[in-house]
Amino acid sequence: MKLFRLAAAGAFVFASMILPSIASADTLTIQLKDGPVVIELMPDVAPKHVAQIDALAAKGAYDNVVFHRVIDGFMAQTGDVQFGKEGGPNYNPARAGTGGSDLPDLPAEFSKVPFERGTVGMARAQDPNSANSQFFIMFDEGAFLNGQYTVVGKVVSGMEFVDKIKRGQGGNGEVTNPDKMIKVSVGKK
């Protein structure tokens, strides 16, 4: 019995040393109409942007925010918590995509992480230091974005649900009656 307790204690110590490094990856789970999308966030690549996304998700700011710009073969953009939150006090489909959050804009955290299918990047205006709350998920590779936009994560499951997001019409991908992020939560992998 003593040997069993010693072995169990050793296994517990080993697990407590190994598991935190495995379980420390930040995740963002987005519930879409067709199913959940899990994004592994990259705080080592873009710590300020990931912290802002975590803060907004934790307080429910992303819940019911629409995908206001969706371009087939390119990306789906969302995250305008100011004008894109369906049911919110300032919801305005015509202005969705022009707002941010009550948090400050962020300085660019460009990296060498490439924009590939499933990459999640921060949307911004022409000023590289203007990202706030909006982000986009890539449907396909977009090398022309590399080093120009901050990468915050990568879809690790549920990309088939991202593929089902309603596409927009026209050159800018504006969406009529858009899909939305039903619920967004943060956690540890």
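Under 5 Å from the amide H of LYS183 lie the amide H atoms of GLN31, ASN64, each residue being 5 or more positions distant or on a separate chain, with H modelled from the backbone and absent for Pro and chain starts. Each part gets one Cα centre, and for the stretch 55-94 versus the stretch 124-189 those centres are 10 Å apart.
Across the accessible surface of the chain, with the other protein chains kept in place and a 1.4 Å probe, carbon and sulfur atoms take up 59 percent. With the simple model of a label 7 Å out from the Cα in the direction of the Cβ, SER185 to SER130 spans 3.5 nm.
If you average the sequence gap of Cα pairs under 8 Å that are 6 or more apart and divide by the length of the chain, what percent do you get for the contact order?
Dividing the mean separation by the residue count of the chain yields 31 percent.
Of the listed values [x] 34, 18, 16; [y] 25, 19, 16; [z] 30, 20, 14, identify the label whose number matches semi-axes √(5λ) of the Cα gyration tensor in Å calculated from this model. The listed entry that was calculated here is [x].
The slack in the chain from GLN148 to THR98, taken as 0.36 nm per residue of separation less the alpha-carbon distance, amounts to 16.0 nm.
The alpha-carbon atoms of the stretch 28-124 define a convex hull whose volume equals 113 cubic angstrom per residue. Along the Cα-to-Cβ line of THR176, 7 Å from the Cα, sits a label point; which residues in the stretch 66-97 have backbone N less than 14 Å from it? Residues passing the 14 Å test: 94.
Stretched out straight at 0.36 nm per residue, the stretch from ASP34 to SER111 would grow longer than its current Cα-Cα span by 24.5 nm.
Once backbone amide H atoms are built at 1.01 Å from N, SER157 has VAL38 as its partners under 5 Å, excluding neighbours fewer than 5 places away on the same chain. Taking amide H as placed 1.01 Å from N in the peptide plane, the amide H of LYS166 sits under 5 Å from that of ASP179, each at least 5 places away or on another chain. For the stretch 37-123, the per residue solvent-accessible surface stands at 42 Å², with DNA, RNA and ligands left out and a 1.4 Å probe.
In the chain, taking the dipole from charged Cβ atoms about the Cα centre, the farthest positive-side position among ALA57, GLY73, GLY121 is held by ALA57.
The trypsin sites (Lys or Arg not before Pro) of the stretch 76-152 that meet both conditions, a loop assignment by DSSP and at most 10 other Cβ atoms within 10 Å of the site Cβ, are LYS112. Whole-Hz Karplus values for the stretch 91-96 come out as 4, 8, x, 5, 9, 4 Hz, taken residue by residue from phi with 6.51 cos²θ - 1.76 cosθ + 1.60 and θ = phi - 60°; glycine and proline positions read x.
The values are calculated or read from the model by the stated rules, or taken from the named source; none is laboratory data. Because the structure is a prediction, the values reported are computed rather than measured. Heads up, the Cβs are rebuilt from the backbone with ideal geometry, glycines too, and the neighbour counts pull from every protein chain shown. Calculation scope for accessible area: heavy atoms of the full protein, side chains included, ligands and nucleic acids excluded. Shrake-Rupley method; radii C 1.70, N 1.55, O 1.52, S 1.80 Å.
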